[in-house]
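The values are calculated or read from the model by the stated rules, or taken from the named source; none is laboratory data. Every value quoted in this text rests on a predicted model; they were computed, and no experiment measured them. Here the Cβ is made from the backbone with ideal geometry for all residues, glycine too, and neighbour counts use every protein chain on show. Heavy atoms of the whole protein, side chains included, go into the accessibility calculation; ligands, DNA and RNA do not. Shrake-Rupley method; radii C 1.70, N 1.55, O 1.52, S 1.80 Å.
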Amino acid sequence: MKSIKFSKFWENLRSNYWFLPTLMAVGAIALAFVLLALDRADPTDIHGLGWIYQGGADGARAVLSVIAGSMVTVTATAFSITIVALQLASSHFGPRLLRNFMNDQGNQIVLGTFIATFIYCLLVLRTIRGENYQLFVPHLSVTVGVLLAIFSIGVLIYFINHASTIIQVSHVIADVSHDLEQVTDRLFPENLGHTVEDDEDGSADDIPTDFEASACAVPSKSTGYLQGIEDDSLMHLACQEDLLLRVQAYPGGFILQGSPLVLAYPADQVTPDIEARINQAFVLGRDLTKQQNVAFPIQQLVEIALRALSPAINDPFTAVRCIDRLADGLARLVGREFPSPYRYDQNHTLRIIAAPVKFETLADNAFSQIRQYGCADSVVAGRLLSAIAAIAPFARHPKQRYILQQHLEAIWHSSQRQLNYKQDLEDVEKKYRSALAALQHPQAPPKPIH
């Protein structure tokens, strides 16, 4: 299993604009030295090849100078466009979505291509010698520089199209929905363990009767958002030190310095070294991430919907798209087995108690805020009800259907209070009746979503 710390490190590298362009610049430096070495060796007569540059030193300098100067100008333009795109994303979709744009490798490859071409031309340009020196014109290297310039033009055309695409709301919503699908597949794989609903208290007897009295809290040594927990490290520590750990903090929560991370039993076996190792298993950071937090992409979709419903934007159709994606995400979640909160070692000894995120919490994140701000619009209210009706066949447990019905009733009552036009209310009522029937009379569940 990939370490959460390695995942965080790799995610930070991907979201930095310097990483990939730096790699491409290093590649350009290596390419320049290799081609210059071939030009100096001159193992074959390249003058007979029509596609190789045949000009003199002055012409080679002029060509490479034009290419290098053009790359600087184009790089500045591309960087300016990228900054404008980030500003638009922050204002229209929310600041939490900036990381998605920073992770976009298309922009990084474009900037890296321009920078690499510029550096390559500079390195080749410095080696050209005219008649006043020992004559040297790197014909092959200059030719490759021209090819890189032609390739950069193609990359520029791609960048113009890409920059206009990634800020489109449909692209942003689809990208966040894809993140939700990925984190669902990673955290809730199909056919894993027991369902929480079926076996929620089945292992409570394995908890020592004096756990609350004899356990001690292990406090956090720093402040930040909990981005993930090193499950394997925590399990290894519990087995090695013969401890029972109950996790008190969960990914996505804000941890204050001194607040409890786990309750460790028995307390007399907990040393400062063990406290430090427990703290190392909890990865804190300045921002929320999707690594172990399935609610994060749901909250991003809700944030886009709420901004679309604001009076300043007033775009209910964008909110409807977000609701459709939320319905797809929740349908995947209700079709998966939620893992048991009780984790055992190889000897079937209870070592960790870590309650997973509940479907009730995820449903609240998806529906509550949109209901509060969107039920004054009949289209949004109707789509919320239709979304619940679409999720209902995938619900595997009565408790999930009960939670969905609670949201259904809340949406209907909010619509009754906020909709003044009779025809709008009648249309919403039809969808409410349809969704209620889907919940109260569930059909055979469809095939699982893959």
- Query: GLN300 fails exactly one of the following numbered conditions: (1) more than 26 Å from ALA389 (Cβ to Cβ); (2) open to solvent by less than 20 Å² (accessible area, probe 1.4 Å). What is the number of that condition?
  - Reply: (1)
- Pick from region 323-347 the residues that are at pLDDT 85 or above and of a type in the set (Gly, Ala, Ser): which of them is surrounded by the fewest Cβ atoms within 10 Å (Cβ to Cβ)? ALA331
- Listed residues LEU436, LEU384, LEU362; which is more than 30 Å from GLN240 (Cβ to Cβ), in contact with a Lys or Arg (Cβ under 7 Å, 6 or more places away or on another chain) and not acidic (Asp, Glu)? LEU384
- Task: Considering each of GLN400, GLN405, GLN369 in turn, give the residue that is surrounded by 14 or more Cβ atoms within 10 Å (Cβ to Cβ) and free of Cβ contacts under 8 Å to residues at least 60 places away in the same chain.
- Result: GLN405
- Is it the case that region 231-254 has a residue that's on the phi > 0 side of the Ramachandran plot and within 28 Å of the chain's Cα centre (by Cα)? yes
- Query: Any idea which of ILE153, ILE109, ILE115, ILE67 is closer than 30 Å to GLN291 by Cα and assigned to a helix (DSSP H, G or I)?
  - Reply: ILE109
- If you check GLU426 against the conditions, is it open to solvent by 60 Å² or more (accessible area, probe 1.4 Å) and not small (Gly, Ala, Ser)? yes
- Item | Matching residues, region 237-262, being open to solvent by 30 Å² or more (accessible area, probe 1.4 Å) and within 15 Å of ALA215 (Cβ to Cβ) | GLU241, ASP242, ARG246, GLN248, PRO260
- Query: Is region 362-381 home to any residue that is within 28 Å of ILE207 (Cα to Cα) and at pLDDT 90 or above?
  - Reply: yes
- Task: Looking only at region 83-91, decide whether some residue is surrounded by fewer than 18 Cβ atoms within 10 Å (Cβ to Cβ), under 23 Å from PHE19 (Cα atoms) and over 21 Å from the mean Cα position of the chain (by Cα).
- Result: yes
- Message: Which pairs turn up if I take residues in region 94-118 that are open to solvent by 10 Å² or more (accessible area, probe 1.4 Å) and look for partners that are assigned to a helix (DSSP H, G or I) and of a type in the set (Asp, Glu) with beta carbon separation below 7 Å, at least 6 apart in sequence or on another chain?
- Response: ARG96/GLU303; ASN100/ASP175
- With the first residue restricted to region 334-354 and required to be on the phi < 0 side of the Ramachandran plot, and the second required to be open to solvent by 30 Å² or more (accessible area, probe 1.4 Å) and of a type in the set (S, T, N, Q), Cβ contacts under 7 Å at 6 or more apart or on different chains are GLU337/ASN191
- Message: Considering only region 310-332, I want to know if a residue exists there that is part of a loop (DSSP other than H, G, I, E, B) and under 23 Å from ALA264 (Cβ atoms).
- Response: no
- Item | Filtered residues of region 163-188 (kept if open to solvent by 50 Å² or more (accessible area, probe 1.4 Å), closer than 16 Å to GLY94 by Cβ and either modelled with pLDDT of 90 or more or within 12 Å of the chain's Cα centre (by Cα) (or both)) | ASP175
- Single condition ARG351 does not satisfy, out of (1) assigned to a strand (DSSP E or B); (2) under 24 Å from the mean Cα position of the chain (by Cα): (2)
